[in-house]
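Comments concern the structure below.
Nothing in this text is a laboratory measurement; each read-out follows from the coordinates by a stated rule. All of these numbers come straight from a predicted model, not from anything done at the bench. Glycine gets a Cβ as well: all are built from the backbone with ideal geometry, and neighbour counts include every protein chain shown.
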Amino acid sequence: MNFSEIEKIEKQVEASEYEERSYYLPMFDEYIAKERRKEQQTKENPFVYFYSDVIAADILYDFQPVLGDRMYKDASEDAQTCLSICDEFRKLSGYNVAGWLQNALKFTDNIVLHYIQNVCREKPEKYDNAGIEKSRYIQLSGKQGDISVAGARLKELYDLRNRFEHRTKIHPDGTQELIRPQKNQARRIIVKLYPVALKKLLQTYKSI
């Protein structure tokens, strides 16, 4: 909740009758306290807060000693960037999906790269007609179990991100047209696929 929303609620409470005010004020105070706790938790550990917020559950797993300090710090910074764009996954809007998705994929890339190189003891492969990032997802999707699902979903999300980046359509006569992105449709896809990817990554690490 931003400052203007809080200010609006405060004015509504102040303008209400005494009986209404005595009813709404404790609820308002409780909500403000909750928002402050959320803000503090976000600052203290953006990795855990972001992960838990997306999957709507406590992760109950400590990634830091597994990923190592440097990779965990990088992932935490990507998580913080996502949270600065939208502090609650369920409130993600069509207006900010492009920037959010770009950083959300960077967040998971830390885990994906660690899994390929440190868990599987493999070198990241390069597939035809796929860039470095997409190739990692393809590599994961070719494995067995939960990690395969995570790879497939991340590949779909990467393709979605590319549609935001590359929006030029070239007509037969050589003229070009900028394709307007379907932001609300993209939001629905992200809300459906990204939590699945994070859940499958988490289940994979918990089973190691």
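Modelled this way, with points 7 Å down the Cα-to-C-beta line, the labels at Lys123 and Glu77 are 2.7 nm from one another. Highest mean packing first, where packing is the average number of other Cβ atoms within 10 Å per residue, the peptides 126-138, 190-202 line up as 190-202, 126-138. With kT/(6 pi eta Rh) evaluated at 37 °C and eta = 0.692 mPa s, and Rh the Kirkwood radius from Cα pairs, the range 41-191 diffuses with a coefficient of 197 µm²/s according to Stokes-Einstein.
Shown for the range 67-141 is the translational diffusion coefficient from the Stokes-Einstein equation, using the Kirkwood radius over Cα pairs, a temperature of 37 °C and a viscosity of 0.692 mPa s: 243 µm²/s.
The stretch between Asn162 and Ser84, if pulled fully straight at 0.36 nm per residue, gains 25.9 nm over its current Cα-Cα span. Extension gain, Ile208 to Lys91, is 38.8 nm, computed as 0.36 nm per intervening residue step minus the present C-alpha separation.
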